[in-house]
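Asker: Once you've had a glance at the structure underneath, I'll fire off some questions.
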Amino acid sequence: MNAMDNTIKLNEKYDEDAIRQALESACEELITEAVFSREGDFFVLGCSTSEILGIRIGQGSSMATGELVIDTLLPIVQEHGFHLAVQCCEHLNRALVVERDVMRRERLEEVNAVPALHAGGACALAAYNRFRDPVLVEHLEATMGLDIGDTSIGMHIRFVQRPLRLKVKTIGQAHLTALMYRPKLIGGERAKHF
């Protein structure tokens with residue numbers, strides 16, 4: 001059975017409401033717990049729609065699932081004053097989709113690529129289609145992020161990264177990991193930390 005047949009079979013059990021609720025809950029919990037994040041910071045998303053559908057990463061990209069993820073997360077992230085950055089897959093070197101004005105303000109390095117379903121991924125393509133003036137950048141430092149399906153977002157989280165164990169453990173069939181930034185602890189035993 002090829003990946004396309006697998007997607008059709010799994011879509012019969014596809015529960016959009018459950019995925020939407022899990023995304024909302026995970027996003028809100030991460031934002032609440034990310035106490036060192038400030039308005040204007042980046043919230044990075046890495047997502048395998050294949051994994052959400054129970055298919056091996058990169059083998060069953062779903063545009064409908066990507067749109068569901070972005071349409072759910074984008075308003076929440078923006079409502080809290082953060083900028084959503086959506087990581088592309090390894091075929092685009094894990095570049096990120098951001099708004100052009102944010103790229104300019106943060107002086108990020110633009111790369112010459114456009115995400116596609118099988119080179120960038122469904123969530124990156126959905127973000128590219130939903131953002132006002134999208135552009136891809138090579139790298140940025142977010143203060144928090146969600147990794148849906150083990151896409152390795154750590155390279156885009158400011159040092160020191162701290163994993164957060166959310167109440168939501170999966171999105172669809174995909175493993176969920178949350179990362180947040182915390183400042184470096186310095187000073188030894190006499191230092192006081194908050």
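Asker: Scan segment 125-138 and report the pairs whose first residue is over 20 Å from Arg105 (Cα atoms) and whose second residue is acidic (Asp, Glu) and in a helix (DSSP H, G or I), with Cβ atoms within less than 7 Å and a gap of 6+ or a chain change.
Answerer: Here the result reads Ala126/Glu67, each pair linking segment 125-138 to a residue that is acidic (Asp, Glu) and in a helix (DSSP H, G or I).
Asker: Being outside any loop (DSSP other than H, G, I, E, B) and under 13 Å from Ile148 (Cβ atoms) is the filter here; which residues of segment 50-97 pass it? Walk me through it before giving the result.
Answerer: In the first step, residues of segment 50-97 are kept if they are outside any loop (DSSP other than H, G, I, E, B); the result is 50-52, 63-79, 83-87, 90-92, 96-97.
The answer is Ser50, Glu51, Ile52, Thr65, Gly66, Leu68, Val69, Ile70, Thr72, Leu73, Val86, Gln87.
Asker: Sort out which residues of segment 105-123 are aliphatic (A, V, I, L, M) and in a loop (DSSP other than H, G, I, E, B), and write them in order of number.
Answerer: As a first pass, look at segment 105-123 and keep what is aliphatic (A, V, I, L, M): 108, 111, 113-114, 116-117, 119, 122.
Selection gives Leu108, Val111, Ala113, Val114, Leu117.
Asker: I want to confirm something. Restricting to segment 1-34 and keeping residues that are exposed (fewer than 13 other Cβ atoms within 10 Å of the Cβ) and in a loop (DSSP other than H, G, I, E, B), which single residue is modelled with the highest pLDDT?
Answerer: Asp15
Asker: Which of (1) touching a strand residue (DSSP E or B) at 6+ places or on another chain (Cβ under 6 Å); (2) surrounded by fewer than 24 Cβ atoms within 10 Å (Cβ to Cβ) is the odd one out, the single condition Gly58 does not satisfy?
Answerer: (1)
Asker: Shifting gears a bit: Select the strands (runs of 3 or more DSSP E) contained entirely in segment 124-194, then report the ones holding at least 3 residues which are closer than 23 Å to Leu74 by Cβ. Full working, then the answer.
Answerer: Working: elements: 134-137, 144-148, 161-164, 174-181.
Ranges flagged: 134-137, 144-148, 174-181.
Asker: Between Arg165, Arg105, Arg130, which is over 18 Å from Leu23 (Cα atoms) and either modelled with pLDDT under 95 or not hydrophobic (A, V, I, L, M, F, W, C) (or both)?
Answerer: On the way: Arg165 fails: over 18 Å from Leu23 (Cα atoms); Arg130 fails: over 18 Å from Leu23 (Cα atoms).
Criteria check complete, one pass: Arg105.
Asker: Among what's in segment 35-49 and is of a type in the set (Phe, Trp, Tyr) and not in a loop (DSSP other than H, G, I, E, B), pick the residue that is farthest from Tyr14 (Cα to Cα).
Answerer: Applying the filter and picking the extreme gives Phe42.
The values are calculated or read from the model by the stated rules, or taken from the named source; none is laboratory data. Keep in mind that this is a model prediction, so the values were computed, not measured. Ideal geometry is used to build each Cβ from the backbone, glycine not excepted, and the neighbour counts take in all protein chains shown.
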